[in-house]
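Trainee: Take this structure, written in structure tokens, and hold onto it; I'll ask about it next.
FYI, it's all coordinate maths here, none of it is from the lab. Computed from a predicted structure; not experimentally measured.
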Amino acid sequence: MEQRGMERSGTEQKGTEQRGTNLSERSVVHDCLASQKMINATYNSFIEESATADLRRDLQVIQKQEQDSLYRVFQAMNQRGWYKTQPADQQQVSQARDELKPMPPS
Amino acid sequence: MPGRGRSFNAAMRRRATVARPVAGGVPPPYCAKRAQAGRLTRAGRGDRRTPGNDAGVAPITQRGGGHVKNLTQREFLYLKDTLDTEALLVEKYAAAANSVNDPELKRLSREIEQTHRSHYQTLSNFLGGGTGGAEPGRGTGTMH
């Protein structure tokens with residue numbers, strides 16, 4: 001993975017010229033990620049506004065698939081070091097835990 | 001640009017009927033049956049109502065998959081927008097698959113392209129089975 005990542009960044013410029021596009025491989029995948037987020041939001045609103053049962057059911061199935069696609073694109077980026085994640089600050093987590101308010105009795 | 005949607009629909013339909021069986025390794029879309037049903041009812045699209053002419057108060061009544069569907073106006077408007085977006089994403093992932101060299105990314109792009117294609121089919125069934133005015137032989141160049 002590491003080697004591949006380095007190779008990519010090194011040949012990015014040349015590669016884009018050969019492919020006849022202005023986007024690097026990394027940017028293409030990033031654009032896909034952004035698109036998946038966008039369409040996910042669209043389906044979210046669509047389902048909120050949906051009143052017809054069978055349409056709503058299909059939309060929910062589709063949205064699940066869109067979310068799965070989004071995750072696959074994210075994973076592809078993450079594996080190549082194009083989308084790095086950071087673990088949560090443990091000190092802040094424990095502080096937040098200490099400050100949790102008790103729920104009112106039900 | 002107004003003619004683009006129609007041409008694209010024609011292209012989508014052609015690919016759905018011609019190209020899909022060739023795509024090996026791609027799981028069949030969950031809506032394959034309904035998409036098929038939609039295609040079968042398309043012959044009668046002449047007597048389909050034009051959704052755009054509805055006043056917006058009464059639910060839109062349409063035929064799809066062999067039975068009548070009632071959409072609200074709001075659903076119809078969302079449906080139109082979402083169809084356009086799915087069509088755009090089919091193009092986008094096709095372009096992505098062509099532009100990347102990494103075989104894994106290529107495969108991923110092709111697979112997601114197929115899911116968007118099946119979503120387009122599923123959604124178009126709610127417009128009454130057909131995907132709109134057929135103009136075969138026009139505008140296929142926009143696809144690839």
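Trainee: Among A:LYS37/B:LYS92; A:LYS37/A:LYS101; A:LYS64/A:LYS84, which pairs are too far apart, with a Cα-Cα distance over 21 Å?
Mentor: Long pairs (Cα-Cα over 21 Å): A:LYS37/A:LYS101; A:LYS64/A:LYS84.
Trainee: Apply the Karplus parameterisation 6.51 cos²θ - 1.76 cosθ + 1.60, with θ equal to phi minus 60°, to every residue of region A:46-57 and state each ³J(HN,Hα) to the nearest whole Hz, in sequence, with x for glycine and proline.
Mentor: Those phi angles translate into 4, 5, 4, 8, 8, 10, 8, 4, 6, 5, 4, 5 Hz.
Trainee: Could you work out the relative contact order of region A:15-83, using alpha carbon pairs under 8 angstrom and six or more residues apart, expressed as a whole percent?
Mentor: Relative contact order for region A:15-83 comes out at 36 percent.
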